[in-house]
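Right, one structure below, let's go through it.
Nothing in this text is a laboratory measurement; each read-out follows from the coordinates by a stated rule. Every value quoted in this text rests on a predicted model; they were computed, and no experiment measured them. Glycine gets a Cβ as well: all are built from the backbone with ideal geometry, and neighbour counts include every protein chain shown.
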Amino acid sequence: MNYELNAEQNKKKLSTLAGVRSLWPYLADERGILLFAALATIANSAINLSAPLLIAHVVDTYIVAKQFHGVLLYAGILLVLYIVGLFTSYAQTRLMGGMGQRVLFNLRTKIFSKLQELPVAFFNANKAGDLISRINNDTDQLNQFFSRTLVQFIGSIVIMIGSGIFLLSIHLKLGAAALAPALGLLIFTQLISPWVKRSNAVSLTATGGLSAEVSESLENFKVVVAFNRRDFFRKRFEVANDENYKTAMKAGIANNIFTPIYGFFANLAQLIVLAYGVYLISIGSFTLGLLVGFLSYIASFYNPLRQLASLWSSFQVALAGWDRVSAILQMDNNMVVLPYALEHARESKALLEFKDVSFRYTEDKEVLHHINLTLEKGKTYALVGPTGGGKTTTASLMARLYDPTDGAIFFEGRDIRTFDSVERTQKIGFILQEPILFSGTVRENILYGNDSYKDFSNEDLIKVLHDAELESLLVRFDGGLEAKVATSGDSLSLGQKQLIAFMRAVLRNPELLILDEATANIDTVTEQLLEDILKKLPKETTRVIIAHRLNTIENADEIFFVNNGEVSLAGSMEHAVDMLLHGKRES
Amino acid sequence: MSRTQKPKDPNAAPSVFTVLGPYRSFVIWLIVLGILPNILTLFLPKIISAGVDAYVKGDLNLPLLALEFGLSTLGIFVLSSIQSAVQVYASEKVGRDLRSKLVQKISHQGYRFIEEKNPSKLLTNITSDIDSIKMFVSLVIVSLVSSAVIIVGATILLLMTNWRLALVVLTLIPLIGATFFFIFKQVRTLFTESREIIDWLNKVINESILGAALIRVLHSGNVEHEKFTQANSQARMVGIRILKLFSLMIPIITFVSSMATLAVLTLGGYFVVNGTMSIGSFTAFMSYIVLLIFPILILGFMSNIIAQASASYARIYETLRASDEVDVGRITESLHGKIEVKDLTMLYGEKYALKDVSLEIAPGTKTAIIGPTAAGKTQLLNVMAGLATPTFGEVLYEGHPLSSYAHASFYPQIGLVFQDSVLFQTTMRENIAFSTTVTDESLEKAIETAELTDFLLSLPHGLDTIVSERGTSLSGGQKQRLMLARALALNPKILFLDDFTARVDAQTEHKILANIEKNYPGMTLISITQKIAPIEQYDQIILLMEGEILARGTHKALMHASPEYVQIFDSQRSTNVYELRT
């Protein structure tokens, strides 16, 4: 599966109707609210329309006739209407806005959950900044549409339909003539909407690109400073900024094209009615009074239509945002958990087996070729070999960060793909090459993803660490368990980060513990301490150690030499060193 | 009306309207274009009513009427098209320029600034905050101007028609103003809060993306989900609080204006009934009131946008206000490699990261810094490279303080290889030749020295292969060698290595160190390392522990003088048996 969201085949381009239909599930729960809001909108529109009519009535019948009690009576009626309007108008904004916020919340949650479902390969293919932009910015376009636009949308359409029917009922032909320009607008809108949406899609993509550019440079600012390449940061940013500027201009022009054109057609309608009306009067089939009235009713048809112009463009923006959002939601995890049937189990003494495993990352060249290896329970294995030979990849496959392209991996005699993630991650511990920390405290980071000690007090936790021989490592942190951890910056050294990752993995007490150069930046004295800790792990724990320092691997029961995508058994330590130092290699 | 919109907090950033300062011509255009189409629009009913009157009199010239009407319509169309084009142009330009300004500012800051400010917040500055400003520029000016024109015009007409009745209407204006002011103040703080939540969301998402592999190893998606839901719920809560205020404001304003209409209807009706007002002025008065209400509503909507933009502008201003990192250095001389570190002390809060560290390095020598995890080795390197500022003490190059060197001539002379590998999403070539001073020869030499020649040849497009973000397709050792090549490509006088050999296998390490010796003779080398074997011949080894220098000297001297050094040596002895065989 191609996980690159910006790849052509993954770009979603839904038509307006399909877009609306695919959005509907997010609104389904809000049906009741939607109904109430629509009712409030209709009531509000009715009040807005009838108040002027009532006032006109008061003027015509009571004020002209100088009957003040009638004026007072209608003033009372109007007061009641206005009070009702106070509530309906509040209800309409409040209900729809609340719905917008909820939809926004649900959408963001949904995308985030989706991200958590997707495999590592997805994150290799997409930039962090672009994903952030999709979750924060694109969803907000939808929120804007729901909370602001949709109410007015409904209101405008209700008023338009009412006025349209009214116009036709006064005089069919004149009404039809008055509405003819609207038909033109409909066609125009149909023709131009795809272009408007496309412009917005391009613009949102550029926004995502800008966000990606900025976050990449900010994350890497140390190198920018140390190589005095502030110009590099600025230059690359300017490219993205310019791109964003140009595409946003285009999108802005596209979005604003509706308003003047709708205005133009509305005014055109007035002219048509005037000319045609005068003609009708001249042949005696219409009266002047009716024409004057008719002209004012046209306004109540075309004014909401004018509003629709700007609403429609924000609808197009929302749809373009929705396309980008649904591109994520459409992604499938290609690493599903396979159903497990007992008869598939194989009697096996081995903890883990690679059967003819080959692997490639995306369309690149194959990085592992036909690998066979067996790990037995309770033993310690070392993977050695030159950089780029495939050690990390082999380890990643053991932890099922990826699935093999060919062949299969068996854990405890079962295809590793039949373990659900909870079970698999409990059994297999993996200390990654790059230690990953989250902002918080040392305690939070050690217990990250580990519920067993969640409710322990610090004293109790220290006891646990003591029993696991990990307590001595805690001394390296000023403030112990409560020492602050910031993810970026140099507040913690790489070695310290590796210590945290080490404690985190050991505390989980896995059956298979993989260390991928997990102690590379730790001094050799501390490293001996770590080795002792590893040795004292339960007897049945299997360890896989990737390291360049030979002393870290000399205690291994078995050494695998990984080179050029192939894994071979090295036999003795001497032989391994020999291969490492003198063997033929490619990297 | 617009006066009540401005924030009054004296500590706050200048009003968001100052953003428009450099764009006077745009503002003038927007004002003119805000007024003209409105005037023409008011003109249309006049044409029609004149036409109707003429028809009644029997001298209607239909073609002339159609022409007048058509021209006005066309005029409105053209003017409003230009108006929206200028709106888009102005807002995008302001947005782009402001973004550029932000990035200029950020790019002149030191590394510390970015860490303190926090990248997530700067990202919100450049994206969401700018968006609010754009919205402000594109909508607020035109709306304010056209609303103001209509409000002032309608008010004058009201006063001229019947001043007593007009005063009744105008008493309601302070009421509306107070509503605006009250809600504006509250909404503004809420918008600030909502921006901070966006920072928070950015951070959670970013960490969950950078930590994707770990999250899958630990199956801790639910933990991340919880963190996200916390931030997201907070976002929803603030969103709904803003909404509550906003959905209160519009009905209140409408209601107050309706009350004005009602007052005029009864009071005016009374005047007409008792004969103090003509029916003509009364109807005119009523139609002016209708005219007055719409722009007031628009102001209500605009106050929301202004509040949002003010909150964002205050945040942007805070970043823009930061003083530039001082690059007052004037010295551009070339370095020879003489470095003195004098009484360096660095405090992180209460804790000493470095304490009274002094050392001298002669040109062309090799120095190793060794010591346990968290001893302060990397901090020392950062201070020596000018990336961190010490609390006390100074670093001298060739006898001059580091700060007196101009960045542009200092940095190209030192090569820095950090522990963590930083790759940019661009070609291999640009990643290695990450400086304008790199020539083809120096690039070639660096690649050869870092033993990357074969690797680069194996890539589909060689040096022009694009590296993906975070270098996900490369192994740790490959990345680290790329980092070395990047530093060497500068042909540096001084090379700093931070734990360079950690991820490179022994054979490659030997080769690379030999290559450096051969290809870069006379280069001063400062290497932070864990391994003793490669540094046994170094001129100076410095043993750092808990921020203090515990011992210094050659390998031989330290083996005699420092039990701690011997302990480190012993911890590696078994390895040496194998490594000696090479």
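Counting Lys and Arg as +1 and Asp and Glu as -1 over every other residue whose Cβ lies under 9 Å from the Cβ of residue A:519, the net charge comes to -2.
In plain terms, if you count all Cα to Cα distances in region B:1-130 and split them into 10 Å steps from zero, the share in each step is 10, 24, 24, 17, 12, 8, 4, 2, 0 percent. Remark: relative contact order (region A:129-249) = 38 percent; criterion is Cα-Cα distance under 8 angstrom and separation of 6 or more residues. Ellipticity at 222 nm from helices only: DSSP H runs of n ≥ 4 in chain B, each -39500 (n - 2.57), divided by the residue count, give -20000 deg cm²/dmol. Once you reduce region B:172-241 and region A:433-472 to the center of their Cα atoms, the two points are 29 Å from each other.
Quote the relative contact order of chain A in percent (integer), defining contacts as alpha-carbon pairs under 8 Å separated by 6+ residues. 14 percent. Per the Debye formula on identical point scatterers at the alpha carbon atoms of region B:66-163, with no solvent, log10 I(q)/I(0) at q = 0.13, 0.15, 0.16 Å⁻¹ is -0.70, -0.79, -0.84.
Over all pairs of different C-alpha atoms in region B:109-321, the reciprocal of the mean inverse distance, the Kirkwood hydrodynamic radius, equals 20.6 Å.
Value of Rg to Rh for the protein assembly as shown, rounded to two decimals, is 1.07; Kirkwood radius and Rg both from alpha-carbon coordinates.
Based on every Cα atom in region A:272-418, Rg and the maximum pairwise Cα distance Dmax equal 35.6, 106 Å.
Start at zero, step by 10 Å, and the Cα-Cα distances of chain A spread as 3, 12, 17, 18, 15, 11, 8, 7, 5, 3, 1, 0 percent across the bins. Label region B:85-131 by shape, choosing from rounded, prolate and oblate, from the square roots a ≥ b ≥ c of the eigenvalues of the Cα gyration tensor; if a/c is under 1.5 it is rounded, and otherwise prolate applies when a/b is larger than b/c, oblate when it is not. Oblate is the answer for region B:85-131, as a/c is 1.5 or above yet b/c matches or exceeds a/b. Given all pairs of different Cα atoms, what value in angstroms does the Kirkwood hydrodynamic radius of region B:492-572 take? Roughly 13.7 Å, rounded to one decimal. Once the Cα-Cα distance is subtracted from the 0.36 nm per residue extended length, the residue B:453 to residue B:546 segment shows a gain of 29.5 nm.
Computed from the C-beta positions of residue A:190 and residue B:407 and an R0 of 56 Å, the FRET efficiency is 0.45 to the nearest 0.05. Among the listed pairs A:235/B:105; A:222/B:366; B:121/B:227, which have their C-alpha atoms separated by more than 21 angstrom in this model? In this structure, A:222/B:366 exceed 21 Å between Cα atoms. Spin-label pair residue B:556-residue B:340: with each label point 7 Å from Cα along the Cα-Cβ axis, the two points sit 2.8 nm from one another. Histogrammed with a bin width of 5 Å, the alpha carbon distances of region B:20-94 distribute as 3, 15, 20, 16, 12, 10, 8, 7, 5, 3, 1, 0 percent, first bin at zero. As a rough footprinting exposure proxy, the listed residues B:28, B:151, B:35 were ranked by other beta carbons within 10 Å of their own, and the order from fewest upward is B:28, B:35, B:151. For region B:339-579, the alpha carbon positions stretch 52, 47, 34 Å along the principal axes, listed from largest to smallest. The value of relative contact order for chain B, using C-alpha pairs under 8 Å at least six residues apart, is 14 percent. The fewest-to-most ranking of A:33, A:187, B:141 by surrounding Cβ atoms within 10 Å reads A:187, A:33, B:141. Take the Cα of residue A:22, step 7 Å toward its Cβ, do the same at residue A:7, and the gap between the two points is 1.7 nm. In this structure, residue A:536 and residue A:36 have a Cβ-Cβ separation that, at R0 = 51 Å, corresponds to a calculated FRET efficiency of about 0.20. Eigen-decomposition of the gyration tensor built on the alpha-carbon atoms of region A:342-582 gives equivalent ellipsoid semi-axes of 30, 21, 17 angstrom, largest listed first. The long axis of helix A:16-28 is offset from the longest Cα principal axis of chain A by roughly 80 degrees. Each distinct pair of alpha carbons in region A:441-538 adds a 1/r term; the inverse of their mean, the Kirkwood radius, is 13.8 Å. Size of chain B: Rg and Dmax of its alpha carbons, in Å, are 35.7, 122. Under a crude label model (7 Å from the Cα following the beta-carbon direction), how far is residue A:572 from residue A:176 in nanometres? Roughly 10.4 nm, to one decimal. Per-residue ellipticity at 222 nm for chain A, helices alone: DSSP H runs ≥ 4 residues times -39500 (n - 2.57), over residue total, nearest 500 deg cm²/dmol? It comes out at -20000 deg cm²/dmol, rounded to the nearest 500.
What FRET efficiency comes out for residue A:355 versus residue B:196 if R0 is 45 angstrom and r is the Cβ-Cβ distance? Round to the nearest 0.05. Plugging the Cβ-Cβ distance into 1/(1 + (r/R0)^6) gives 0.30.
The Cα-based radius of gyration and maximum Cα-Cα distance (Dmax) for region A:8-329 are 25.6, 88 Å. Relative to the longest principal axis of chain B, what angle (0 to 90°, nearest 10) does the C-alpha long axis of helix B:221-263 take? Value to nearest ten degrees: 20.
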